[in-house]
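Here the structure is laid out as structure tokens; the discussion comes afterwards.
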Amino acid sequence: MSVDIKNLTRQHLKVGAGVAFSAIASDVLPGWDISLVFVGPTRARDLNKQLRGKEYTPNVLSYALDSTNGEIIICLAEAQKQAPAYGMNERQFVLYLFIHGVLHLKGWAHGATMEQCERKLVAKFVTRTVRPLPNETTHSHRNRHRHVPSKDGRRRRAR
């Protein structure tokens with residue numbers, strides 16, 4: 001199992017988390033060889049159009065090359081922009097995006113199971129302030145204090 005890191009941006013990599021990338025990969029996909037590539041927004045947008053037919057700049061792309069080899073592509077510019085919205089610094093958010101990509105390589109689609117696993121892996125490998133992860137709901141008990149309107153339109157308590 002290995003994670004080969006390539007930087008195709010003009011930026012100096014500040015993430016410095018090679019050990020963490022390998023630990024995450026071996027925890028989720030033992031025996032896999034993963035290529036982690038950092039790209040700029042133009043290349044990320046071009047790859048997204050080529051691989052997925054989408055016209056926007058993604059923060060992360062991932063695809064399996066075969067049964068034990070995959071590639072994860074992270075756009076550092078998008079990671080820098082989006083990190084503060086999730087209460088993370090750039091390094092932490094890049095690790096989160098790597099976790100997200102590894103779970104896609106494992107074959108998982110977006111959904112509650114993937115989000116739950118992301119939360120566990122973030123807690124294990126990424127130190128962060130408490131804020132919801134992308135696509136995470138903020139209220140687990142949405143209807144807890146629900147009120148039912150009466151016939152005259154005023155709120156009344158549910159029975």
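When the listed pairs K54/K106; K49/K106; K49/K81; K54/K81; K54/K120 are checked against a 25 Å cut-off, the alpha-carbon distance exceeds it for K54/K120. Put one equal scatterer on each alpha carbon of the stretch 2-130, apply the Debye formula with no solvent term, and list log10 I(q)/I(0) at q = 0.20, 0.21 1/Å to two decimals. Results for the stretch 2-130 at q = 0.20, 0.21 Å⁻¹ read -1.25, -1.39.
A simple spin-label model places the labels of A123 and S26 2.3 nm from each other, with each point 7 Å out along Cα-to-Cβ.
Per-residue 3J(HN,Hα) values for the stretch 62-69, derived from phi via the Karplus relation 6.51 cos²θ - 1.76 cosθ + 1.60 with θ = phi - 60°, read 8, 7, 7, 8, 7, 6, 9, 9 Hz in sequence order (x marks Gly and Pro).
Each reported figure results from applying straightforward, stated rules to the coordinates on display, with no laboratory input. Remember, it's a predicted structure, so these values are computed and weren't measured experimentally. Heads up, the Cβs are rebuilt from the backbone with ideal geometry, glycines too, and the neighbour counts pull from every protein chain shown.
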